[in-house]
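Enquirer: Just passing along the structure, written as structure tokens.
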Amino acid sequence: MYKSIVFILIITYSLVSFSQRFTISGYVSDAKSGEKLIGASVYDTISKRGTITNAYGFYSLTLNEGQAVLIISYVGYTPYIEKTSIQTNIVKNIQLEPTIQLNEVVVVGQRENRQVESSQISVTQIPVQTIKQLPVFFSETDILKTIQLLPGVQSGGEGTSGLYVRGGGPDQNLILLDGVPVYNCDHLFGFFSVFNADAINNITLIKGGFPARYGGRLSSVLDIRMKEGNLNEHHGIFSIGLISSKLMLEGPLKKKKSSYLVSARRTYIDILAQPIIRAAANDGTAGYYFYDVNSKINYIFSDTNRLYLSFYLGNDKAYSRYKDSYYDGGNRYEKKLKAALGWGNIISALRWNHLFNPKLFSNVTTTFSRYRFNVGIESKQQTNNVNTAEYSLKYFSGIHDFSTLIDFDYRPNSDHNIMFGTLVTYHTFSPGINVFKVTGTNDDNIDTTFGNKNIYAYELAAFIEDDISINALFKVNAGFRQSMFFVRRTWYSKLEPRISLRYLFHEQWSVKLAYSQMNQYIHLLTNSGIGLPTDLWLPVTDKIKPQHSTQYAIGLFTSVLKGFEASIEGYYKTMNNIIEYKEGSSFFMETSSWEDKVTMGKGWAYGSEFFIRKNKGNTTGWIGYTLSWSWRQFSDLNFGKAYPYRYDRRHDVSVAVTHKFSDRTDVGLVWVYGTGNAISLPIEQYPAWDNILNQHVNYEYYPTIEYYDGRNGFRMPSYHRLDLSVNMHKKRKYYTRTWSIGVYNVYNRKNPYYLYFKHDNNRKRLTQISLFPLIPSFSYTMNF
Amino acid sequence: MKKNKKNTIIWLFAIMLLIVSFSCEKYIDMEITDKGRKPVVNAILIADSIPIVKIFQSMHILDNKPFKKITDAQVRLIINGQSKMLLFDSLTEVYTDTNIILQPFSEVTVDVQTGFGNAKGKTVIPVNIPILSIDTVSHYSNEGNYDGVEIRLRFSDVPNEKNYYMISFKSSTMTPTFEETNDPGFDYFYDKVLISDFAFDGKVKTIKLICYRSIDYYFQTGTIEFFLFHLDESLYKYQLSFNKQQNTSASPFSEPVIVFNNIVNGYGICGSANVSKVTINL
């Protein structure tokens, strides 16, 4: 038996080795900018074999010796057709011309039939240009808010950037910027995201059927790739909006060899509002701002070696300062008070692309990611400029990672695309350190540090996956990922099998199935409905186990309507070892460790998603509808009974459409509808007794305590909103200018933000508070 | 001209801020479950005092009338295993027994039977922690003028154990205010501060208050009584969570605070305290 298997393998290998097959490989890029095109199609019409470019624009297609007619295409670009004779391995770098000139409305996206043909399910790519054309909140283009418009993805509260994918929590999304995890994607308490669309090249969202190369989170992968910078010419974009301004510059450092990209953004609410704040606070000042900077350099050493260095820095800061002084008895007394709240990310990645041979492409990536939150208050008293008393309390929390990833993309022939690699990450968790200092008072001077000590952990993973074309009808993406986590002498190891199957039963129809297991070794500890920067990232411990999910997905895909692609998907997902605060626990009960404040439980979610999208023509966009359920169950919460997740949303509809009237004018429309969020409301009330000093007094009035029976048993009213925008472009001598005018919540819908009880004419009534009424906005952009 | 332009920008910005800050409010109708009434037992037992227990009936959340006091309940006190009935005093409308004086370290169970359900709770009376001293110092305003008195209250924490305190005051003519710090384990409310000793275990702690001279009482003298309550853990959690619920009930940023409840089959608190008192004349 053993000999037979060896013999068959030798014969097979010989046949493969000795047949006259050659590989054509290279990069596909934009002819104007040199920017790599991710997901471009390379197809031979004679053999009917094809492939697509990877995340670095690289392709490799192995064909039999003879003639080939190659069509290289990408939506928004003129297809490149070449008849060639294949007698040897060929390296062919191809540059595609945009069908519409840059600086105008460019419709870029996927190949028309890509969704139907691909083996992957639950994957969506969003063209950056579409994001820029859609209406925006406060004139700020926001990638995450556009992602929220896709089926299966829900937003948190009004105007916030949090993502809740297929019933999962906001911590269960692996958000990658150039392959580096981003731990906090929020600016301004979640009203804006950290991603600056001017610096972004490609966005891919995966909600299910996860390929083995991704791991570490349960619910989704959002893979955001930055632009590399123009290799041929210097260009820039300057934009001024209602609350912020942006500048992006790109160009060659050495023509066709090396390029740079720098993009920066800053809000100026604090600067504009300063006169008002100063008028309101006599001796003090206060403000808030955020800024971020993206940069990237890439250097092409040769056809086989490229180096990329990318960097992101973003910070939010809220501050207040107060100073007061007076003279008494010839002495000058001064009191200073400072308070500040800040949070931010630093991300960097150094990546080396190496082509071993036309079939084997590799990447070595080292990354650093840091998220830090700090809050502090400091007061000083001085007499004649000498410190007499000092008080300070500072709190830090955060996480930082060093990581190395080595991955390979091996395409032995057009029927296999094998990806394998390994990842090691060194995590440092800072779960909340307090530094408390008092000097110069009558008490003993205090200088102490307390809180939870840093926790160090290693996360390792190895993966292999193969995208196999079994025949013209069946295609499979199968693989597994071995993940491991080591923390405080506790070792976790899990095998995560993944498989997706496509059956192309008609040229324009396919059905797909997927099964995936995911593990997550870090938890986000949060007790609020919005993304507060105080939320803590914490590792698994010997008490707190890794989160684990299993997801089944099935989908029907079609491109039968010309210019449209449509799909309907169903999913069922289970999640184990998810955490929540115990009832009554909160940040203010500081005496116990965080592990004692939380409880572990399970969740499950199921639903179906309908999606129809048009990528070509003057009118583009999509309509999405989700019908879903999401449940949670914890033995310590809600008396052990299952309850709906806060973001369980039965119906969710989104419409996102852009229309180009002419080269000078285009418009965008967004309409969303969602079932109201699940909330906890009290059902009973009883009198408190807080006045220990007057126990004998017979009060007529007692303060009231509200009793909650069951979590999230009530629904807020439904949410819906219409946003409109118009972009007007005009070519000037040296630049193209764009005026963007938008209106958020056009029909001024009073959407629920939160509910409370209000006393009105001796009646107690439930009252709704809404946040954003109709809000107009505008921005001016120069594209040069 | 330039100044006008700048002013226009500032005004435009202010108007935009106003629009954004503007919140809309409306009434909505929603059906809220009614699961029936339960006994409310409020028993805060003070060392070296007689026991006092108040019994009420809970109400549906949308009811908007005074709470119903229960006058015909059977209230039994079990002190270190010995059972005694409390009687209803119609004058003060509490259940009490003037022959019982509660002692530190006593384990006390309150057992209540009413026509709509039975409930009970348990506590251990804490030991007395004395106020070490109360000092007064003249206080000057920011302009350097004398405008009141700074009061410093000192007490010593018992080392190597978890202790909880509440400091409060009573005066008919003066209203001191706590000089709030951000010390960990300190939670300030309008007329009290709740303290957990984890950050100053076994040390002497000083709490500062300022007593301003108001116009009405400028020429009057008066007294202020200061109280240091040594609380049991249940009463500390009840006080803290209740005051937090009062403070955060309208906050959209957090899950509702659930008030600590140690009454089995009912609502309320069975907690205890030992109080030290010092009176000063100003």
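The values are calculated or read from the model by the stated rules, or taken from the named source; none is laboratory data. Remember, it's a predicted structure, so these values are computed and weren't measured experimentally. Every residue, glycine as well, gets a Cβ built from its backbone with ideal geometry; the counts of neighbours run over all protein chains shown. Accessible surface areas use protein heavy atoms only, side chains included; no ligands, DNA or RNA. Shrake-Rupley method; radii C 1.70, N 1.55, O 1.52, S 1.80 Å.
Enquirer: Would you report the distance distribution of C-alpha pairs in chain A as whole percents per 20 angstrom bin, up to the bin with the largest distance?
Expert: Distribution as computed: 14, 46, 31, 8, 1, 0 percent.
Enquirer: Here's something else I'd like to know. Once A and B are treated as a pair rather than alone, how much accessible area drops out, both sides summed, in Å² to 100, probe 1.4 Å?
Expert: 8100 Å²
Enquirer: In whole angstrom, note down how far apart the Cα centers of region A:286-320 and region A:139-156 are.
Expert: Each part reduced to its Cα centre gives a spacing of 22 Å.
Enquirer: Taking beta carbons within 10 Å but only from partner chains, what does the mean come to for residues A:763-770?
Expert: 5
Enquirer: For region A:180-263, what class follows from the C-alpha gyration tensor (a ≥ b ≥ c being the square roots of its eigenvalues): rounded when a/c is under 1.5, otherwise prolate if a/b is larger than b/c, else oblate?
Expert: Because a/c hits 1.5 or more and a/b fails to exceed b/c, region A:180-263 counts as oblate.
Enquirer: Calculate the mean, over all residues of peptide A:711-717, of how many other protein chain Cβ atoms lie within 10 angstrom of the residue's Cβ.
Expert: 2
Enquirer: Right, next: Taking the Cα of A:Ala472, stepping 7 Å toward and past its beta carbon, and measuring to each backbone N in region A:39-82: which are under 14 Å?
Expert: A:45-50
Enquirer: Could you provide, to the nearest whole Å², the per residue accessible area of region B:39-124 with probe 1.4 Å?
Expert: Counting only protein heavy atoms, the per-residue value for region B:39-124 is 46 Å².
Enquirer: Roll a 1.4 Å probe over the protein chains and send me the accessible area per residue for region A:714-784 in Å².
Expert: Heavy-atom SASA per residue in region A:714-784 reads 49 Å².
Enquirer: On the protein heavy atoms, probe 1.4 angstrom, tell me the percent of accessible surface of region A:417-514 carried by carbon and sulfur.
Expert: Exposed carbon and sulfur together represent 60 percent of the surface.
Enquirer: How much net charge surrounds A:Glu465 when only the other residues with a Cβ under 12 Å from the Cβ of A:Glu465 are counted, with Lys and Arg +1 and Asp and Glu -1?
Expert: Around A:Glu465, the surrounding residues sum to -2.
Enquirer: Which of the peptides B:264-277, A:405-418, B:76-89 is most tightly packed, and how do the rest follow, judged by the mean count of other Cβ atoms within 10 Å per residue?
Expert: With the highest mean Cβ count within 10 Å placed first, the list reads B:264-277, A:405-418, B:76-89.
Enquirer: Still on this model: Taking accessible area as the heavy-atom solvent-accessible surface of the protein chains with a 1.4 Å probe, which residues of region B:27-48 lose no less than 40 Å² upon going from the isolated chain to the full protein assembly?
Expert: Residues of region B:27-48 that lose at least 40 Å² of accessible area once the other chains are added: B:Tyr27, B:Ile28, B:Met30, B:Ile32, B:Lys35, B:Asn42, B:Ile44.
Enquirer: I'd like the distance between the alpha-carbon centres of region A:160-191 and region B:27-64, rounded to an integer number of Å.
Expert: 42 Å
Enquirer: Distance from a point 7 Å along Cα→Cβ of A:Thr78 to each backbone N in region A:648-682: keep the residues under 14 Å and list them by number.
Expert: Label zone hits: none.
Enquirer: Next question, about the same structure. For A:Phe480 and A:Leu774, compute 0.36 nm times the residue count separating them, minus their Cα-Cα distance, and round to one decimal in nm.
Expert: Contour length minus the Cα-Cα distance gives 100.9 nm.
Enquirer: If you don't mind, there's one more thing I want to ask. Any idea what diffusion coefficient region A:403-467 gets from Stokes-Einstein, in µm²/s, Kirkwood Rh on alpha carbon pairs, 25 °C, 0.890 mPa s?
Expert: 151 µm²/s
Enquirer: Place the peptides A:85-98, A:49-62 in order of packing, highest mean first, counting for every residue the other Cβ atoms within 10 Å and averaging per peptide.
Expert: Descending mean neighbour count gives A:49-62, A:85-98.
Enquirer: With a 10 Å radius around each residue's Cβ, average the other Cβ atoms per peptide and rank B:126-132, A:735-741, A:379-385, A:705-711, highest first.
Expert: A:705-711, A:735-741, B:126-132, A:379-385
Enquirer: Please give the helix A:269-280 orientation as an angle from the longest Cα principal axis of chain A, in degrees from 0 to 90, rounded to the nearest 10.
Expert: 10 degrees
Enquirer: Provide the net charge surrounding A:Lys145, with neighbours chosen by a C-beta distance below 13 Å and charges set as Lys +1, Arg +1, Asp -1, Glu -1.
Expert: Neighbour charge sum, excluding A:Lys145 itself: -3.
Enquirer: Given points 7 Å out from each Cα along the Cα-Cβ axis, report the A:Ala642 to A:Glu65 separation in nanometres with one decimal.
Expert: About 6.3 nm separates the two model spin labels.
Enquirer: Taking each residue in A:677-684, count the Cβ atoms of any other chain within 10 Å of its Cβ, then average. What number comes out?
Expert: 5
Enquirer: Right, next: If you wrap region A:458-501's Cα atoms in a convex hull and average its projection over all directions, what's the area in nm²?
Expert: Mean projected area for region A:458-501: 3.0 nm², to one decimal.
Enquirer: Can you give the local net charge around A:Val476? Use residues other than it whose beta-carbon is closer than 12 angstrom to its beta-carbon, Lys and Arg +1, Asp and Glu -1.
Expert: Overall, the nearby charge balance is 0.
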